[in-house]
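Comments concern the structure below.
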Amino acid sequence: MKNIVTTASILLIFLLSMSCIAQPKEIPVVAYVCSWTTEMPDGKYITQINYAFGNVNETFDGVIVQHPERLRKICALRQSPEAHPGLKVLLSIGGWTAGGFSEMASDSLRRLRFAADCKRLVDEFDLDGIDMDWEYPTSSEAGISSSPDDTRNYTLLMRDIRTAIGPDKLLTQATICTALYIDFAAVDPYVDFINIMAYDMGRPPYHNTPLYNSPLVKNVTADSAVRAHLAAGIPPKKLLLGLAFYGHGVPNHPKVEDLTTVRNWKGYTYHWDAQAMVPYMTDDRDGSMAFSYEDLRSLEIKCRYILEKGLHGAMYWSYDGDNANGDLRRTVYYTLNPPSE
């Protein structure tokens, strides 16, 4: 009888120890879904949707949501049995040429009202948080107002939003690839993670989203973007590398909806830059670069880079850039989260 009890005890201890072994953690995949498109995301290969966009209102003390009914439909995806388990939806506020931030953040009362309105929207739409996309504090490059005090006021804004929405909701931010404009050390206590916009780093004759340097890189690469953020004191586990589901062509060039699988497009030749780790196409008439873009190969390489560097995950702009088969989003998700045997 004593041996039976001992054997049972050992078995129980073994089973408990096995249950305590850490399971592989899912790598997050964040997709920006645009308010001006009509396609509904399937939600299968996404862990989080950032709805783009909300904007600062005309009185600089609240948020305007573009196409709110579309946001409601996207939030409802979380109840779909086909959606990814635990799918989160955030409202992204800002975007290129979206202004009003400097005016709002410079005034403490406006800032508090804006933060309170973020809380209102979180409650009204049952959002999982807010993503801030001010492009960029202290810069008027996008044609918006700016002030030398924007960086300090940005920190105060993120503090006020965190206070308003509480600790249980996500607060994230999109940042330029150079890691400029933001005091990351000051903002760090309020932010859950950072989406590095590692794209728009060049247009033909330069690459849009190079991973590493090459003669066809203008100034910045995805790798240098990550290193700049790490040098700013951000831990790898707070960084998501931004991927591009689009490319850039030369001016007045015919628009092609999907280049991800094109290798033999009439009049153009496919190339692979083995240094920058991205594809491009040249015009057969003069050999000049006509298109800079991502394909399945380059996206897979960037996702492996994310794993090697121990980053938090991937973000991409934007969902509607994928093809009808969902090849891009499936490649990103399954490279980061390989299916179990």
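The values are calculated or read from the model by the stated rules, or taken from the named source; none is laboratory data. This one's a predicted model, so the numbers in the text were calculated from it and none came from an experiment. A quick note on method: Cβ atoms are made from the backbone with ideal geometry, for glycine too, and the neighbour counts reach across all protein chains shown.
Quick look at the values:
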| read-out | value |
| --- | --- |
| Residue in region 96-110 that is out of contact with any helix residue (DSSP H, G or I) (no Cβ under 6 Å at 6 or more places or on another chain), modelled with pLDDT of 95 or more, under 21 Å from Pro28 (Cβ atoms) and not in a loop (DSSP other than H, G, I, E, B) present | no |
| Meets criteria (surrounded by fewer than 20 Cβ atoms within 10 Å (Cβ to Cβ), within 26 Å of Asn323 (Cα to Cα) and either without any contact (Cβ under 8 Å) to a residue 12 or more places away in the chain or more than 14 Å from the chain's Cα centre (by Cα) (or both)) for Pro205 | yes |
| Within region 175-187, considering residues that are surrounded by fewer than 18 Cβ atoms within 10 Å (Cβ to Cβ) and hydrophobic (A, V, I, L, M, F, W, C), the one nearest to Ala52 (Cα to Cα) | Leu180 |
| Those residues of region 57-85 which are closer than 28 Å to Arg329 by Cβ, of a type in the set (Gly, Ala, Ser) and assigned to a loop (DSSP other than H, G, I, E, B), in sequence order | Ser80, Ala83 |
| Selected residue (only one of Thr163, Thr172 is among the polar types (S, T, N, Q), surrounded by fewer than 17 Cβ atoms within 10 Å (Cβ to Cβ) and modelled with pLDDT of 95 or more) | Thr163 |
| Strands (runs of 3 or more DSSP E) contained in region 124-229 and holding at least 3 residues polar (S, T, N, Q) | 170-176 |
| Close pairs from region 107-122: first on the phi < 0 side of the Ramachandran plot and of a type in the set (Val, Ile, Thr), partner modelled with pLDDT of 95 or more and part of a helix (DSSP H, G or I), Cβ under 9 Å, at least 6 apart | Val122/Ala164; Val122/Ile165 |
